[in-house]
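Derivation of every value follows stated rules applied to the coordinates shown; laboratory data play no part. In this text, all values refer to a predicted model and were calculated from it rather than measured experimentally. Cβ coordinates were reconstructed from backbone atoms using ideal geometry, including for glycine residues, and neighbour counts include every protein chain displayed.
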Amino acid sequence: MSFIADILLWVIQLLIYAFIGRAIISWLFMAGVRNEFVTRLNQALGTLTEPLIAPLRRVIPPLGMLDITPLVAIIGLVVLRAIIRSL
């Protein structure tokens, strides 16, 4: 596999972890955990993930209180990762 493909796969994996981390932090916020570290981590993960989620949110409506756009983004990244690995 080429160097560029390896970097793309690494970036995709990092984004998947960022989406999962952002979901966990949102659950912490719902549980009332709000300290400076968690807030800054949420802002950093939001900076990484929001450019991918924002266009999806315009297309996919929320299901009540549940926002499924991170799940859709993760599925899209997994499919992209599989395509890159198959090249």
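I'd like the Karplus ³J(HN,Hα) series for segment 63-69: coefficients 6.51, -1.76, 1.60, θ = phi - 60°, whole numbers in Hz, and an x wherever there's a Gly or Pro.
3J(HN,Hα) across segment 63-69, in whole Hz: 9, x, 8, 9, 9, 8, 4.
When only C-alpha pairs under 8 Å and at least 6 residues apart count, what is the relative contact order of the chain, in percent?
Answer for the chain is 39 percent.
Compute the length gained on full extension between A31 and L56: take 0.36 nm times their separation in residues and subtract their Cα-Cα distance, giving the result in nm to one decimal.
Separation in residues times 0.36 nm, less the Cα-Cα distance, equals 6.4 nm.
State the label only: which of (i) 17, 44, 27, 10, 2; (ii) 19, 57, 23, 1; (iii) 16, 42, 31, 10, 1 corresponds to P(r) over Cα pairs in 10 Å bins from 0, in percent computed from the shown model?
So the calculated entry is the one marked (iii).
Based on the Cβ-Cβ distance of I84 and I24, what FRET efficiency does E = 1/(1 + (r/R0)^6) give at R0 = 35 Å, to the nearest 0.05?
Rounded to the nearest 0.05, the efficiency is 0.85.
Suppose each label sits 7 Å from its Cα in the direction of the beta carbon; what would the I68-T47 distance come out to in nanometres?
3.2 nm
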